[in-house]
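Undergrad: Here it is, the structure, as structure tokens.
Values quoted throughout were computed directly from the atomic coordinates according to the rules given, and no laboratory measurement underlies them. In this text the structure is predicted, and so the values were computed from the model without any measurement. Reconstructed Cβ throughout: ideal geometry from the backbone, glycine too, with neighbour counts over all protein chains shown.
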Amino acid sequence: MIESLRLVNFRCFEEASFSLDPAGRIFVGENAQGKTSLLEAACLLLRLQSPRARQTRQLIREGADSFGIAGEAWGRTLQVRGDRKGLALKADGEGILARRDYLAESGLVVWMGNEDLDLVRGGGESRRRFLDFIATQIDPEYRNHWARYRKALSARNRYLKSYSAREGVVTAYTQILIKHGGEMIRLREELCERLVPRAAKNQQVISGETEELSMSYVDRSKGDLETAFAKVEESETRRGVTLAGPHRDDVKLMVAGRSAKDFGSEGQQRTVALALKLAQGEILCELGNRPPVYLIDDVFGELDPRRRNALMTRLPEDAQKLITTTNLDWWDQGELELGVTEVKAGAAGI
């Protein structure tokens with residue numbers, strides 16, 4: 001669990017510091033006051049990833065050159081400093097150069113927010129990111145393949161766009177994508193198989209219906225990346241972008257035998273998203289050998305009472321929960337005993 005969190009020049013916070021109980025805390029306040037940024041900071045501290053920002057510079061408070069996040073977590077002191085060049089990491093005061101070493105010492109995270117509807121309604125990128133976020137937390141092998149694939153993909157795309165690109169260079173990067181992409185697909189398929197029964201159970205509990213949720217990995221290469229790249233070679237040269245590989249794959253979600261994206265009601269789609277995130281937590285707990293921290297961003301106030309109560313009962317009692325909300329009208333203190341912090345204009349007061 002996270003015992004304390006300290007921020008300097010992060011998002012709208014010039015400085016903030018507070019302790020956290022093992023059960024967690026509720027952050028309450030109006031919109032645009034910084035509540036979500038507190039959860040984002042916790043996610044970044046533990047996983048070195050932001051659910052909202054693609055570039056480090058987006059996290060730096062206006063007028064500052066860098067930001068800092070520090071905290072006590074699982075008996076260790078973790079520190080992340082970010083500037084426009086990237087992140088600098090420390091654990092127990094010692095600098096760590098490799099992300100893999102830092103991540104091995106940090107905790108696991110489940111992020112839940114209203115944007116989770118994109119898991120069902122959105123394009124394949126949301127569903128790929130969902131799988132990748134789970135896999136990179138529990139499997140160092142996957143994290144290695146994922147990092148090497150992304151680096152090679154970026155380089156290959158640059159060469160494809162270059163008028164002077166040499167065919168041999170593109171081919172060399174193709175082989176790297178085939179090697180690491182094949183392993184990514186294999187591990188993603190295994191992860192989907194683990195998620196299916198858990199998500200299906202959560203779907204039935206939350207919905208109160210017997211409707212069955214199923215999910216399957218859609219490998220567009222059909223198990224043969226080498227052939228897939230050969231088929232799109234001419235199109236890639238013309239368009240200047242990589243058109244084959246796991247970054248083009250998807251996950252098919254079905255409810256009662258029909259596409260959840262195309263035919264699911266809003267209630268069904270919300271339930272599917274919740275079922276998937278709860279299944280993520282179960283997988284992390286099982287394979288990561290410790291409960292994750294649940295970062296729940298303004299979800300409870302948007303759910304009807306039945307889904308809200310079902311979600312509360314499915315959250316593990318021994319997991320820490322950090323929750324944001326604009327009001328406490330939904331909260332029954334008997335069901336979830338958490339301290340409350342008011343957040344106003346980039347300040348959090350205990």
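Undergrad: What order do you get for Met215, Met312 when you list them from fewest to most C-beta neighbours inside 10 Å? Intermediate results must be reported in sequence, preceding the final value.
TA: Details: Met215 20, Met312 16.
Listed from fewest to most nearby Cβ atoms, that is Met312, Met215.
Undergrad: Please report the net charge: other residues with Cβ closer than 14 Å to the Cβ of Ser17, K and R +1, D and E -1. Walk me through the numbers before you get to the answer.
TA: Numbers: positive: Arg6, Arg25; negative: Glu3, Glu14, Glu15, Glu72.
Cβ neighbours under 14 Å give a net charge of -2.
Undergrad: Give me the aspartates and glutamates in straight-line cross-link reach of Lys344: C-alpha distance below 15 Å, same-chain residues under 8 apart excluded.
TA: Glu14, Glu15, Glu30
Undergrad: Scan the chain and report its longest stretch carrying no trypsin sites (Lys or Arg not before Pro) that are both in a DSSP loop and have at most 13 other Cβ atoms within 10 Å. Mind showing how you got there, number by number?
TA: On the way: sites that count: Arg54, Arg84, Lys85, Arg166, Lys222.
No qualifying site falls inside 223-350, the longest such stretch.
Undergrad: Mean residue ellipticity at 222 nm from the helices of the chain, using -39,500 (n - 2.57) per DSSP H segment of n ≥ 4 over the full residue count, to the nearest 500 deg cm²/dmol? Each step should come with its number before you reach the end.
TA: Working: 11 runs with 153 residues, N = 350.
Dividing the helical sum by the residues of the chain leaves -14000 deg cm²/dmol.
Undergrad: Still on this structure, I have one more. Hey, which aspartates and glutamates would be in cross-link range of Lys222, C-alpha to C-alpha under 15 Å, not counting anything within fewer than 8 residues on its own chain?
TA: Partners within reach: Glu183, Glu189, Asp249, Asp250.
Undergrad: Next up: What's the exposure ranking of Thr174, Thr210, Thr227, Thr271, going from fewest to most Cβ atoms within 10 Å?
TA: On the way: Thr174 22, Thr210 8, Thr227 11, Thr271 30.
Lowest to highest Cβ neighbour count: Thr210, Thr227, Thr174, Thr271.
Undergrad: Still on this model: Which of Lys231/Lys277; Lys90/Lys161; Lys90/Lys252; Lys85/Lys252; Lys35/Lys90 have a Cα-Cα distance over 31 Å? Mind dumping the intermediate values first?
TA: Values: Lys231/Lys277 36 Å; Lys90/Lys161 38 Å; Lys90/Lys252 40 Å; Lys85/Lys252 37 Å; Lys35/Lys90 25 Å.
Over 31 Å Cα-Cα: Lys231/Lys277; Lys90/Lys161; Lys90/Lys252; Lys85/Lys252.
Undergrad: Determine the sum of side-chain charges near Ala275: Lys and Arg each +1, Asp and Glu each -1, restricted to other residues whose C-beta is under 13 angstrom from that of Ala275. Walk me through the intermediate numbers first.
TA: Numbers: positive: Arg198, Lys201, Arg270, Lys277, Arg307, Arg314; negative: Asp116, Glu209, Glu211, Glu212, Glu282.
Net charge in that neighbourhood comes out at +1.
Undergrad: Enter the angle in degrees (range 0 to 90, nearest 10) between the Cα long axis of helix 124-138 and the first principal axis of the Cα atoms of the chain, meaning the one along which they spread out most.
TA: Orientation of helix 124-138: about 70 degrees from the principal axis.
Undergrad: Separate question: Using 0.36 nm per residue, how much length does the chain from Arg99 to Glu3 gain when fully extended, once their Cα-Cα distance is taken away? Display every interim value, and only then the final one.
TA: On the way: separation 96, 0.36 × 96 = 34.56 nm, distance 2.20 nm.
Result for the pair: 32.4 nm of gain on full extension.
Undergrad: Grab every C-alpha pair in the chain, bin the distances at 20 angstrom width from 0 up to the longest one, and report whole percents.
TA: Distribution as computed: 28, 56, 16, 0 percent.
Undergrad: Kindly provide the chymotrypsin sites (Phe, Trp or Tyr not before Pro) of the stretch 11-75 that DSSP labels as loop, not H, G, I, E or B, and whose Cβ sees at most 14 other Cβ atoms within 10 Å.
TA: Details: sites: Phe13, Phe18, Phe27, Phe67, Trp74; in loops: Trp74.
Filter output for the stretch 11-75: Trp74.
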